[in-house]
1. In segment 168-197, which residue that is surrounded by fewer than 19 Cβ atoms within 10 Å (Cβ to Cβ) and touching a Gly at 6+ places or on another chain (Cβ under 8 Å) is modelled with the highest pLDDT?
2. Ala277 versus (1) buried (at least 21 other Cβ atoms within 10 Å of the Cβ); (2) modelled with pLDDT under 85: which is the lone unmet condition?
3. Quick one: would you say Val114 is among the aliphatic types (A, V, I, L, M), in contact with a strand residue (DSSP E or B) (Cβ under 6 Å, 6 or more places away or on another chain) and touching a residue at least 24 places away in the same chain (Cβ under 8 Å)?
4. Collect the residues in segment 75-87 that are surrounded by fewer than 24 Cβ atoms within 10 Å (Cβ to Cβ) and out of contact with any Gly (no Cβ under 6 Å at 6 or more places or on another chain), keeping them in residue-number order.
5. In segment 246-259, is there at least one residue being at pLDDT below 85, in a loop (DSSP other than H, G, I, E, B) and surrounded by 21 or more Cβ atoms within 10 Å (Cβ to Cβ)?
6. Only one of (1) in contact with a Ser or Thr (Cβ under 9 Å, 6 or more places away or on another chain); (2) of a type outside the set (Lys, Arg); (3) more than 15 Å from Ser445 (Cα to Cα) is not met by Ile389, so which one is it?
7. Inside segment 107-162, can you point out the residues that are surrounded by fewer than 18 Cβ atoms within 10 Å (Cβ to Cβ), part of a loop (DSSP other than H, G, I, E, B) and acidic (Asp, Glu)?
8. Given the residues Ala344, Ala371, Ala340, Ala375, which is the only one that is more than 14 Å from Val76 (Cα to Cα), surrounded by 15 or more Cβ atoms within 10 Å (Cβ to Cβ) and either without any contact (Cβ under 8 Å) to a residue 40 or more places away in the chain or in the same structural domain as Leu81 (by TED's automatic domain parsing) (or both)?
Amino acid sequence: MLVILMTQGASTRISLDLNPDLRVLLLTAGVAIFTGILFGIAPAWRCSREDPAAVLQQNARSLSGGTGLLGKALIVTQVSLSLVLLLGAGLLIKNFELLRSVSLGFEKKNLLEVSLYPRPGGYEHLDMKAYHRQLLERISSIPGVHSVSFSDMSIPATEAWHATVSAASADSTAGPRVMTDAVLVSPGFFQTLGIPLLRGRDFAPGDDQGQPVAIVSNALAQKLFLGGDAIGRRVRFGFMPQYQNIEIIGISTDARITDPRNPAPPVIFFSYLQFAAQWGALIIRTDVPPQTLARAVDAAVSWLGHEYALRTETISQAFGGELVEERATALLSGFFAALALLLASIGLYGLMSYVVTRRTREIGIRVALGAQRTAILWLVLRETLILVIFGVTIGIPCGLAASRLIASLLFVVSPGDSTTIVVVSLLILVVGLFAGYLPARRASSIDPVVALRVE
């Protein structure tokens, strides 16, 4: 069940080896036994030092002096550690939820992605440009298809082609060199995804002749040229000769097509008409629910006899599968943080119950002297609130320090996110007060006649 929850929507299947492991069993049993002995030493040592004569002379009144500092310190520590875990879990969960809803720089609704795979010998003696032109025409004729384009990478292109881009000049060492993702696309790619062009133009069918051209993202233009004025400038990409004198004809807005975690990735787009690609994917904008066209698209690809549709999914599904790591991390951290909070509330409930039991006679006297039920209720809740506030006060700076350790996992949330800190602190206060309310309510309902007889 845990694996299903962790990998829901993922494009790859993940399994766990759940065969019994004797080493794991011995380790966990050893830790449990050691923990029990460790936390039993303190009360055992205290009992061993008691004077029997002094104990026999004590009565309930002398025993009602309240709880020890050690018990209170352990509860405060438990609350603090729970806050640290809850803060980390809250940041990871918020990071995951924001990544799911963050603007990608294009409209992912009604986008269908079809990964193509060659049939045996499907690419032999094949004019890829002519074939892709025929494929796009056939797909665009399907009812319900608004527009279609081709890319040599799936979206998100987590395994995109990487190389450095620099301004083309006589001195190859002059100017900045920017590590950039490269994607081969067909004309109409930006229109299909809904990525606006800030300046310049899109690729056109006539670009297959003459000077190699490219479109760059705004982030790359800003890093390469002063003021981002890149139109008409020439760049070199990598070290292959055909990519050493590329003219920039357009600048696109930044879009998270390679990595949903990066808001402004440097990307350079080449026309597949100039640099023909074999492997790739179709990006289809539909006027109907995308999945309803999956079978028709698969049939159209198969009809041409060179490829078949390896995987068909919506862009939303593709990005959801890309975030499987964040989903698993948020799920597991949230589970253990909730477990820690449960343990802290149980400990707090136990401590307050112990307090009420030891102060039964005192509470009975207060009631007999006219104390109101609300005053008795507040008497116990006040001690609970003090312990929780101490724990929260200590836990917040510890949580802020610990959150720096997971900063590399946070892409859209700051480690010191104030909203998460406030929500987590209020959650612990509410849970702590509820844990203390049950013993407090029992204390407020004590019968003074019965309580005064307690010895």
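The values are calculated or read from the model by the stated rules, or taken from the named source; none is laboratory data. Remember, predicted model here, so these are calculated numbers, not experimental data. Neighbour counts are summed over all protein chains in view; Cβ atoms, including those assigned to glycine, are modelled from backbone coordinates with ideal geometry.
1. Across segment 168-197, the extreme among qualifying residues is Leu197.
2. So the condition that Ala277 fails would be (1).
3. Criteria met by Val114.
4. Listed by number, the residues that qualify are Thr77, Leu81, Leu85.
5. yes
6. Unmet condition: (1).
7. Once the filter is applied, which keeps residues that are surrounded by fewer than 18 Cβ atoms within 10 Å (Cβ to Cβ), part of a loop (DSSP other than H, G, I, E, B) and acidic (Asp, Glu), segment 107-162 yields Glu107, Glu124, Asp127, Glu159.
8. Numbers: Ala344 fails: more than 14 Å from Val76 (Cα to Cα); Ala340 fails: more than 14 Å from Val76 (Cα to Cα); Ala375 fails: surrounded by 15 or more Cβ atoms within 10 Å (Cβ to Cβ).
Only one candidate passes the filter, namely Ala371.
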